[in-house]
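Asks: Structure in C-alpha coordinates, see below.
The values are calculated or read from the model by the stated rules, or taken from the named source; none is laboratory data. Not measured: the values here are computed from a predicted model. Cβ placement follows ideal geometry from the backbone for every residue including glycine, while neighbour counts extend to all protein chains displayed.
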Amino acid sequence: MNSMIVLLLAAILSTHHALPMSNLLLSVPRQQMLTPEEATQVLTAILSKNPALGPVKITSVTYANGQYYIRYIRETNCESGTHIIDAYTGETVGGTRSQC
(Lines give C-alpha, C1' and ligand atoms only; values in the text may rest on other atoms or scores of the structure.)
Protein backbone atom coordinates (compact mmCIF):
# COMPACT_ATOMS: atom_id res chain seq x y z
CA MET A 1 0.00 0.00 0.00
CA ASN A 2 2.80 2.44 0.92
CA SER A 3 4.71 1.67 -2.28
CA MET A 4 1.55 2.40 -4.30
CA ILE A 5 1.18 5.82 -2.62
CA VAL A 6 4.86 6.58 -3.30
CA LEU A 7 4.46 5.64 -6.97
CA LEU A 8 1.30 7.72 -7.28
CA LEU A 9 3.01 10.70 -5.65
CA ALA A 10 6.04 10.30 -7.94
CA ALA A 11 3.76 10.23 -10.99
CA ILE A 12 1.96 13.39 -9.88
CA LEU A 13 5.21 15.24 -9.19
CA SER A 14 6.74 14.23 -12.52
CA THR A 15 3.59 15.38 -14.35
CA HIS A 16 3.84 18.80 -12.70
CA HIS A 17 6.78 19.67 -14.95
CA ALA A 18 4.90 18.65 -18.08
CA LEU A 19 1.69 20.58 -17.31
CA PRO A 20 1.88 24.20 -16.14
CA MET A 21 -0.10 24.76 -12.95
CA SER A 22 -1.84 27.78 -14.48
CA ASN A 23 -3.45 25.52 -17.10
CA LEU A 24 -4.80 23.30 -14.36
CA LEU A 25 -6.16 26.13 -12.23
CA LEU A 26 -7.55 28.43 -14.92
CA SER A 27 -10.04 26.62 -17.10
CA VAL A 28 -11.47 29.90 -18.45
CA PRO A 29 -9.02 32.04 -20.46
CA ARG A 30 -8.57 35.65 -19.39
CA GLN A 31 -9.95 38.32 -21.64
CA GLN A 32 -7.26 40.27 -23.51
CA MET A 33 -6.55 43.70 -22.05
CA LEU A 34 -6.51 46.75 -24.33
CA THR A 35 -3.20 48.52 -24.86
CA PRO A 36 -2.98 52.21 -23.90
CA GLU A 37 -2.99 53.05 -27.63
CA GLU A 38 -6.19 51.06 -28.20
CA ALA A 39 -7.88 52.75 -25.25
CA THR A 40 -6.82 56.13 -26.65
CA GLN A 41 -8.30 55.20 -30.04
CA VAL A 42 -11.60 54.30 -28.35
CA LEU A 43 -11.79 57.70 -26.66
CA THR A 44 -10.70 59.59 -29.78
CA ALA A 45 -13.45 57.87 -31.78
CA ILE A 46 -16.03 58.86 -29.16
CA LEU A 47 -14.90 62.49 -28.97
CA SER A 48 -14.53 62.87 -32.74
CA LYS A 49 -18.15 62.02 -33.56
CA ASN A 50 -18.84 65.73 -34.07
CA PRO A 51 -15.93 67.09 -36.15
CA ALA A 52 -17.31 70.64 -35.89
CA LEU A 53 -16.06 70.75 -32.30
CA GLY A 54 -12.45 70.47 -33.47
CA PRO A 55 -9.59 68.08 -32.83
CA VAL A 56 -8.91 66.35 -29.52
CA LYS A 57 -5.45 66.23 -27.95
CA ILE A 58 -4.69 63.41 -25.50
CA THR A 59 -2.53 64.76 -22.65
CA SER A 60 -2.03 61.63 -20.53
CA VAL A 61 -2.96 57.98 -20.21
CA THR A 62 -2.64 56.16 -16.89
CA TYR A 63 -3.70 52.67 -15.84
CA ALA A 64 -5.06 51.57 -12.47
CA ASN A 65 -7.31 48.72 -11.32
CA GLY A 66 -8.35 47.51 -14.77
CA GLN A 67 -9.14 50.99 -16.07
CA TYR A 68 -7.42 53.58 -18.23
CA TYR A 69 -7.71 57.21 -17.15
CA ILE A 70 -7.31 59.31 -20.27
CA ARG A 71 -7.01 63.10 -20.01
CA TYR A 72 -7.72 65.25 -23.03
CA ILE A 73 -8.15 68.84 -24.16
CA ARG A 74 -9.99 70.37 -27.09
CA GLU A 75 -8.75 73.92 -27.52
CA THR A 76 -11.30 74.98 -30.16
CA ASN A 77 -14.15 75.03 -27.64
CA CYS A 78 -12.10 75.27 -24.41
CA GLU A 79 -13.03 71.75 -23.33
CA SER A 80 -11.02 69.37 -21.17
CA GLY A 81 -11.68 66.26 -19.17
CA THR A 82 -10.82 62.76 -18.13
CA HIS A 83 -12.54 59.64 -19.43
CA ILE A 84 -12.30 56.29 -17.67
CA ILE A 85 -12.15 53.38 -20.10
CA ASP A 86 -12.50 49.75 -18.97
CA ALA A 87 -9.23 48.07 -19.97
CA TYR A 88 -10.96 44.82 -20.94
CA THR A 89 -14.21 45.89 -22.61
CA GLY A 90 -13.26 49.31 -24.01
CA GLU A 91 -16.41 50.84 -22.56
CA THR A 92 -16.49 54.29 -20.98
CA VAL A 93 -17.24 53.77 -17.29
CA GLY A 94 -17.02 57.36 -16.05
CA GLY A 95 -15.17 60.59 -16.26
CA THR A 96 -15.27 64.34 -15.93
CA ARG A 97 -15.63 67.19 -18.41
CA SER A 98 -15.25 70.94 -18.10
CA GLN A 99 -15.64 73.83 -20.49
CA CYS A 100 -14.53 77.47 -20.06
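Yes/no per residue for (1) modelled with pLDDT under 95; (2) surrounded by fewer than 10 Cβ atoms within 10 Å (Cβ to Cβ):
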site: Ile5; (1), (2): yes, yes
site: Leu8; (1), (2): yes, no
site: Arg30; (1), (2): yes, yes
site: Tyr63; (1), (2): no, no
site: Gly66; (1), (2): no, no
site: Ile73; (1), (2): no, no
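Asks: Additional query: Just checking, which of Cys78, Cys100 is touching a strand residue (DSSP E or B) at 6+ places or on another chain (Cβ under 9 Å) and at pLDDT below 90?
Replies: Numbers: Cys78 fails: at pLDDT below 90.
Result of the check over Cys78, Cys100: Cys100.
Asks: Being touching a residue at least 24 places away in the same chain (Cβ under 8 Å) and of a type in the set (A, V, I, L, M) is the filter; apply it to region 50-88 and report the residue that is nearest to Gln32 (Cα to Cα).
Replies: Only one residue fits best here, namely Ala87.
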